[in-house]
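Asks: Below is a structure I'd like to ask you about.
The values are calculated or read from the model by the stated rules, or taken from the named source; none is laboratory data. Small disclaimer: the values here were computed from a predicted structure and weren't measured. For neighbour counting, all protein chains shown are included, and Cβ atoms are generated from backbone atoms with ideal geometry for every residue, glycine included. Ligands, DNA and RNA are excluded from the accessible area calculation, which covers all protein heavy atoms including side chains. Shrake-Rupley method; radii C 1.70, N 1.55, O 1.52, S 1.80 Å.
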Amino acid sequence: MTVERYIRVMAGFFVMLSLALGIEGSPIFVSPWFLAFTGFVGFNLFQSGFTGFCPPGILLRKLGVPEGNGGSCGTGKCN
């Protein structure tokens, strides 16, 4: 997997987890304040799209995760 795909997986996981912990109907509900984390993840994805600055991406690159070729499907071409 590439840095971009890891970022997508991590963001999706954190959004789902924070929703599960923040919505009262959830079996693992803790506090509605966990919904703020959902907003935090969304804001970071938003700013990263404009600025290109993404701390998890920097960390993943330092750990040796491959950069990828810019294609959103991992191949450079989407059908």
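Asks: Among all residue pairs at least 6 apart or on different chains, which show Cβ distances below 7 Å where the first residue, located in the stretch 27-48, is within 16 Å of Phe13 (Cβ to Cβ) and the second is among the aliphatic types (A, V, I, L, M)?
Replies: Close Cβ pairs (under 7 Å, with a partner that is among the aliphatic types (A, V, I, L, M)) amount to Ile28/Ala20; Ile28/Leu21; Phe34/Leu21; Thr38/Val15; Thr38/Leu19; Val41/Ala11; Val41/Val15; Leu45/Ala11.
Asks: Continuing with the same structure: Of everything in the stretch 58-73, what is among the aliphatic types (A, V, I, L, M) and open to solvent by 90 Å² or more (accessible area, probe 1.4 Å)? Give them in sequence order.
Replies: Correct list: Leu59, Leu63.
Asks: For a quick check of your reading of the model, give me the residue pairs whose first member lies in the stretch 10-24 and is closer than 22 Å to Ile58 by Cβ and touching a residue at least 24 places away in the same chain (Cβ under 8 Å), whose second is surrounded by 13 or more Cβ atoms within 10 Å (Cβ to Cβ) and hydrophobic (A, V, I, L, M, F, W, C), with beta-carbon atoms closer than 8 Å and at least 6 apart or on different chains.
Replies: Pairs that qualify, where the first residue is closer than 22 Å to Ile58 by Cβ and touching a residue at least 24 places away in the same chain (Cβ under 8 Å) and the partner is surrounded by 13 or more Cβ atoms within 10 Å (Cβ to Cβ) and hydrophobic (A, V, I, L, M, F, W, C), are Ala11/Val41; Ala11/Leu45; Phe14/Phe37; Phe14/Val41; Val15/Val41.
Asks: From the set of residues in the stretch 1-57 that are touching a Ser or Thr at 6+ places or on another chain (Cβ under 8 Å) and of a type in the set (S, T, N, Q), which is surrounded by the fewest Cβ atoms within 10 Å (Cβ to Cβ)?
Replies: Ranking the qualifying residues of the stretch 1-57, first place goes to Thr38.
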